[in-house]
């Protein structure tokens, strides 16, 4: 919906629809090439075709809109990883590589959204917004839990070295994937071999 299109007033009980439209407007602003600074209460209201005060029934401030955007996109990432896992079959190594490459593919397909998902200027001090530490701590838990599960499966299958810190290994793998995804987004031509992703996964997962 653009700012030139009049918006039909929601019927009673359709408040959830307006909330979705506000999130969609924020995502549209990001996809148009802006960054989180382009997502203001005024710009979101204009994009959604509503009066700015209407936002306050659903979001206390701009960071809370960005939090909803990030939560929605992380849900999309988790769904993509789960889909890749289910399609990979039962072999632990195949599952791990499928999920890791699905992560990299997601980041490449949605670079602007991906950057916002993992930081950026939108993340405020919790003292300055309605967002809580618990809100921030919950971000990405489902996707990360899947990585832990996959690493554990590789160890149990005997194709990865035992670990005395499975959580730490999963964090290292996540950060490695994130670093590669970031480089692919900002570097015109990636240096190194074409299979650098596979090498990174094998090394950080401690595969035999």
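Quick notes
- Principal axis box of region 37-137, alpha-carbon based, largest edge first, Å: 52, 30, 21
- With contributions of -39500 (n - 2.57) from each DSSP H run of at least four residues, the per-residue ellipticity at 222 nm computed over the chain stands at -19500 deg cm²/dmol.
- Tilt relative to the chain, helix 166-186 - C-alpha long axis, 0 to 90 degrees, to 10: 60
- Remark: relative contact order (the chain) = 19 percent; criterion is Cα-Cα distance under 8 angstrom and separation of 6 or more residues.
- For the chain, the Kirkwood radius over C-alpha pairs fed into Stokes-Einstein at 4 °C and 1.567 mPa s yields D = 68 µm² per second.
- Each peptide in 136-146, 103-113 gets a packing score, the mean of other Cβ atoms within 10 Å over its residues, and the list from highest to lowest is 103-113, 136-146.
- Sorted fewest first by neighbouring Cβ atoms within 10 angstrom, 117, 190 come out as 190, 117.
- Added length on full extension, which subtracts the Cα-Cα distance from 0.36 nm per residue, residue 86 to residue 132: 13.2 nm
- The order of 167, 114, going from fewest to most other C-beta atoms within 10 Å of their C-beta, is 167, 114.
- Segments 61-67, 196-202 sorted - mean Cβ within 10 Å per residue, highest first: 61-67, 196-202
Read-outs throughout are calculated quantities, based only on the coordinates presented, and are distinct from any laboratory measurement. These numbers come from a predicted model, not from an experiment. A quick note on method: Cβ atoms are made from the backbone with ideal geometry, for glycine too, and the neighbour counts reach across all protein chains shown.
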